[in-house]
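Undergrad: Here you go, one structure.
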Amino acid sequence: MSSKQQHQPTALQENFTLGMRSLGSRTVLYQQSVAASIGLYNNDFLSIDILREKGPITAGELSKLTGLTTGSVTSLIDRLEKNGFVRRQNDPSDRRKVIIVPIYEQKEEITNTYMPLHASMVKLAALYTDEQLELITTFLGRASEVLEEQIQQLNSKPRS
């Protein structure tokens, strides 16, 4: 790859990154709409999504992943537990820690809320070959890694 290509994105690369940014914005707006439709705060819903992705984690880990203070995470967990989205479980290897276990998948309101999006995405995926879907899936995984790195960089900078 020439040094020009490394420093000067092509028009197609620029359009691509703008499209990704637009997709990110739509994803955030969709998540906010889902959260509101099931009566949750957006941070609560984002935490549910993090738990779906990561599985059971400690409150401290959830705090790091969300950027929320440990006090805010405790209140968040209280709300999610009260509404049946998570349960607390003692950490068998460290009695001082509590593991937050997601239990929301059985909730009908979650299934009903996501089913239309799921069906639309399956319909969209059907437009592509298996090879194309493998490429897209690989890209999405790598894009998630890039975003995770950027989040960590932003969160590691001192705030003014």
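The values are calculated or read from the model by the stated rules, or taken from the named source; none is laboratory data. Since we're looking at a predicted model, the values are computed, not measured. Don't worry about glycine lacking a Cβ; one is built from the backbone with ideal geometry, like all the others, and counts go over all protein chains shown.
Undergrad: Filter the range 27-60 down to the residues that are of a type in the set (Val, Ile, Thr) and not in a helix (DSSP H, G or I) and list them by number.
TA: Scanning the range 27-60 gives Ile38, Ile57, Thr58.
Undergrad: In the range 69-92, which residue that is among the polar types (S, T, N, Q) and not in a strand (DSSP E or B) is surrounded by the most Cβ atoms within 10 Å (Cβ to Cβ)?
TA: Applying the filter and picking the extreme gives Asn83.
Undergrad: Checking Ser47 against (1) surrounded by 12 or more Cβ atoms within 10 Å (Cβ to Cβ); (2) of a type in the set (Gly, Ala, Ser); (3) over 18 Å from the mean Cα position of the chain (by Cα), which single condition isn't satisfied?
TA: Exception for Ser47: condition (3).
Undergrad: Which residues, counting only those in the range 120-148, are without any contact (Cβ under 8 Å) to a residue 12 or more places away in the chain, small (Gly, Ala, Ser) and either within 29 Å of Thr66 (Cβ to Cβ) or surrounded by 11 or more Cβ atoms within 10 Å (Cβ to Cβ) (or both)?
TA: Once the filter is applied, which keeps residues that are without any contact (Cβ under 8 Å) to a residue 12 or more places away in the chain, small (Gly, Ala, Ser) and either within 29 Å of Thr66 (Cβ to Cβ) or surrounded by 11 or more Cβ atoms within 10 Å (Cβ to Cβ) (or both), the range 120-148 yields Ser120, Ala125, Gly141, Ser144.
Undergrad: Could you tell me which residue of the range 97-110 is nearest to Gln31 (Cα to Cα), considering only residues that are at pLDDT 85 or above and assigned to a loop (DSSP other than H, G, I, E, B)?
TA: Ile103
Undergrad: Within the range 5-18, is even one residue outside any helix (DSSP H, G or I), modelled with pLDDT under 90 and exposed (fewer than 11 other Cβ atoms within 10 Å of the Cβ)?
TA: No, the range 5-18 contains no residue that is outside any helix (DSSP H, G or I), modelled with pLDDT under 90 and exposed (fewer than 11 other Cβ atoms within 10 Å of the Cβ).
Undergrad: Give the range 79-96 a look and list any residue that's of a type in the set (Asp, Glu) and either modelled with pLDDT of 90 or more or touching a helix residue (DSSP H, G or I) at 6+ places or on another chain (Cβ under 8 Å) (or both), or say none.
TA: Glu81
Undergrad: With the structure loaded, tell me whether Val34 is surrounded by 14 or more Cβ atoms within 10 Å (Cβ to Cβ), more than 27 Å from Met115 (Cβ to Cβ) and in contact (Cβ under 8 Å) with a residue 12 or more places away in the chain or whether it fails that test.
TA: no
Undergrad: Test Arg26 against the stated conditions and say whether it is over 23 Å from Leu140 (Cβ atoms), among the charged types (D, E, K, R) and either in contact with a strand residue (DSSP E or B) (Cβ under 6 Å, 6 or more places away or on another chain) or surrounded by fewer than 12 Cβ atoms within 10 Å (Cβ to Cβ) (or both).
TA: Against the criterion (over 23 Å from Leu140 (Cβ atoms), among the charged types (D, E, K, R) and either in contact with a strand residue (DSSP E or B) (Cβ under 6 Å, 6 or more places away or on another chain) or surrounded by fewer than 12 Cβ atoms within 10 Å (Cβ to Cβ) (or both)), Arg26 does not qualify.
Undergrad: Condition test on Leu76, is it within 20 Å of Gln31 (Cβ to Cβ), of a type outside the set (Gly, Ala, Ser) and at pLDDT 95 or above?
TA: In short, no.
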